[in-house]
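Single-structure report; data block below.
Derivation of every value follows stated rules applied to the coordinates shown; laboratory data play no part. The model shown is predicted, which means the values in this text are computed figures rather than measured ones. Neighbour counts run over all protein chains shown; Cβ positions are idealised from the backbone, glycine included.
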Amino acid sequence: MQDLIIGIDLGTTNSEVAIVENGQPRVIAIDGDPILPSVVGLSSDEKLLVGKPARNQYVLAPERTVKSVKRQMGLDLKIPLGAQQFRPQEVSAMILRRLKEAAEKDLGQPVHKAVITVPAYFNDSQRQATREAGQLAGLEVVRILNEPTAAALTYRPNPDTNEKFLVYDLGGGTFDVSIVQAEGGVFEVLSSHGDTQLGGDDFDELLLNHIADEFQELYQIDLRVNLTTKARLLRAVENAKKTLSDHAFARIEEEFIAEKDGVPLHLTKELERSTFEQLIDPLLRRTMDCLQKALDDAKINASDLKQVVLVGGSTRSPVISRLLEARLGQPAHREVHPDLCVAMGAAIQAAIIAGSDVGAVLVDITPHSVGIKSLEVPDSFSRQFNEYKFAPIVPRNTPLPTSRSEIFCTVSDNQAKVDIDIFQGESGDVRRNHRVGKFLIEGLARVPAGNQLVVQMELTLDGTLKVTAREKATGLMKNIVIDNAMARFAVEEKDAAQSRLDRMWAESEWTEGDDEPIDPAKLADLLGSEPGAYDDDEEDDDDDEGYEKFPVPEPEEDAAAPRFQFPVDAGATTGQREAVQARALLEKAERVGAKANSEDRAELGRLTAKVKAALDERRWPDLQSTSNALADVLFYLEDA
Ligand code: ADP
Ligand code: MG
């Protein structure tokens, strides 16, 4: 019988365990979750806690909780945990033991052997301590494997040629970048640089301070003082950060976060991805400096790299792939889940040691980027508007299923409609990409330019693409569903697929001048569109009620030219955005107020007066908070 050897990523923040079955690595769930927080604690009644429960108690009971023990591995010291003292390898052993037991439960048999990964920069005593931790957990450590090597293995388990990989690993508390060389199936780390005090935790901290500062300015209350409040806020910002990896904005809503003069205060905050990216920019620049050092030490150029591999949960933030691609001139790979690929690579190494065959990891990905046509604003040098700019929403090589969104905004005042023109391909010019569908969203609020639209794309495993456009301020929505927008491709088939698409493209009847919007009804027939939340019916004047009362001149009908939109960061200023939202809300309040009872109407009157005052006086932060309050009330009234 073949040896059963598991692969373990013993991380600073999170740990995982994986096994190879039928030539494919599989990550084993622990209590339903593939990720085990690397936190150990004692509960108030002295029970041992490992993973999530320990992490949850950290803020409230730090003296009974240990996290990031990996930083202490190899040091001759004792860590207090409750009344007792432990060596770092003993604490790590508790985490390993939890992983071992989860594997045994899943596999239905005892496990005695493991491959455990460590950072490339770990020295001998750190590696030795890791071995000891394994032994204490009842595991024979058959190999200590470098983390970047493990990651490279998930992409190329058996490379026959000489290849060099760059592995960029940004975790919760540490960052490192390594150059790995593979030759004849043997992997070697040529260089490794990093920062042991840089990671996703720092991003959370920056976000927390950003929000707490703003709250303090508004209410003179510091949310960081009370530990429970701080813990709540930290959890909320981490979740928001994760949302921002797939979506252009995230809402933070924490009720009763504080109290002022006996009145409870709620926290409602909308975070834009661009704000987050600005906050973390200085930290990301530091990672790029490390990257240059790693290249220099390995004496290679960016062009010598066969592949750029993303590792660590924090690399899910899209700004990182963007920076890397700009710096290295090639797209970074993130097909294999960045937070799981080290454990999977450890499992692959384990299978190789046990003598099993392993293949490259199979993943379902989108072989092409999918996005929409947008208008590029001219920079200060050229005065040319580019009408054919391709704005990708789902980048190619994204694992499926996926849901992504981006914000776009209108460019004209009183712009009533926007054309959502959907393409797949890699060119920055939509005319060189493949059109997969198109629809028109009409009846937008009559507001100045800068009206925000959220375009969301959901792509399923079977290649069905659902595109939704939603006017952010009013919730007006429309969507289409396109079957087989994207057939499933194995990685090897990508090139064949590309040339086939190119051919289809050349043969397609679509020509460059074909800019006319298709009649949405016809499109619905063609594409099997789902009726959106917005009713197309001309007779139905429900939506027009508000407009009549809103004293804005009707825009001139210009049916042939539904104008284009551009990504919001490129154009609208903060105030402009807030104002658009506020005006739309006021419009809606008038509509809703007409149907409300006298009490609700009074409440609406009070809130709209505040919004109008903030709008008139251009107090943007106030405008945002009062608008949010108004939106909340409208939400309940509409629902009632
Ligand atoms: P480590 O290797 O240090 O143990 P991980 O690779 O598991 O850590 O990364 C953990 C970090 O990744 C945390 O800071 C977490 O907030 C962050 N993270 C996890 N998922 C996402 C996401 N979708 N977007 C951004 N950051 C994420
Ligand atoms: Mg890691």
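Each peptide in 334-345, 419-430 gets a packing score, the mean of other Cβ atoms within 10 Å over its residues, and the list from highest to lowest is 334-345, 419-430.
Residues within the reach of a label modelled at Asp124 (point 7 angstrom out along Cα to beta-carbon, backbone nitrogen below 20 Å), restricted to region 91-118, are 118. Computed from label points 7 Å out along Cα-Cβ, the spacing between Asp222 and Arg143 is 5.1 nm.
Applying 0.36 nm per residue to the separation of Asp76 and Leu107 and subtracting their alpha-carbon distance, the gain on full extension is 7.5 nm. Remark: region 454-471, residue by residue, has Karplus-estimated 3J(HN,Hα) of 9, 9, 10, 10, 10, 10, 8, 4, 8, x, 7, 10, 10, 10, 10, 10, 9, 6 Hz, where x stands for each Gly or Pro and the curve is 6.51 cos²θ - 1.76 cosθ + 1.60 at θ = phi - 60°. Full extension of the segment from Gln84 to Glu603, taken as 0.36 nm per residue of separation minus the current Cα-Cα distance, would add 181.0 nm. Peptides 395-401, 147-153, 433-439, 94-100, ordered by how many other C-beta atoms sit within 10 Å of their residues on average, highest first, read 147-153, 94-100, 433-439, 395-401. Derived scalar couplings between HN and Hα for region 443-450 equal x, 5, 4, 7, 9, x, 3, x Hz in order, rounded to whole Hz, by the Karplus curve 6.51 cos²θ - 1.76 cosθ + 1.60 (θ = phi - 60°), x for Gly and Pro. Distant-in-sequence amide contacts of Gly437, defined by a placed amide H-H separation under 5 Å and a gap of 5 or more residues or a different chain, comprise Ile422. In vacuo Debye scattering of region 572-640, one point per C-alpha: log10 I(q)/I(0) at q = 0.18, 0.27, 0.29 Å⁻¹? Results for region 572-640 at q = 0.18, 0.27, 0.29 Å⁻¹ read -0.59, -1.17, -1.30. With all pairs of different C-alpha atoms in the average, the Kirkwood value for the hydrodynamic radius of region 242-367 is 18.1 Å. Per residue, the convex hull around the alpha carbon atoms of region 370-475 comes to 107 Å³. Return the tail of the calculated pair distribution for region 7-61, meaning the percent of Cα-Cα pairs more than 15 Å apart. Every Cα pair in region 7-61 considered, those over 15 Å come to 53 percent. Dipole of region 326-431, Cα-centred, from +1 at each Lys and Arg C-beta and -1 at each Asp and Glu C-beta, to the nearest 20 debye? Roughly 100 debye for region 326-431.
Using Cα centres only, tell me the gap between region 412-482 and region 60-123 in whole Å. When both Cα centres are located, 48 Å separates them. For the residue pairs Lys241/Lys595; Lys269/Lys417; Lys113/Lys230; Lys47/Lys105, alpha carbon separations beyond 32 Å are given by Lys241/Lys595; Lys113/Lys230.
Karplus-based coupling profile of region 369-375, in residue order and whole Hz: 6, 10, x, 10, 6, 9, 9, with θ = phi - 60° in 6.51 cos²θ - 1.76 cosθ + 1.60 and x standing for Gly or Pro. For the peptides 249-261, 469-481, 36-48, 309-321, residues were scored by their other Cβ atoms within 10 Å and the scores averaged per peptide; the highest-first order is 309-321, 469-481, 36-48, 249-261. Between His266 and Asn162, the simple spin-label model (points 7 angstrom out along Cα→Cβ) gives 6.4 nm. Projecting label points 7 angstrom from Cα along Cα→Cβ for Gln135 and Asp632 puts them 5.9 nm apart.
With viscosity set to 0.890 mPa s at 25 °C, what whole-number translational diffusion coefficient in µm²/s follows for region 1-94 from Stokes-Einstein and a Kirkwood radius over Cα pairs? Answer from the Stokes-Einstein relation: 170 µm²/s.
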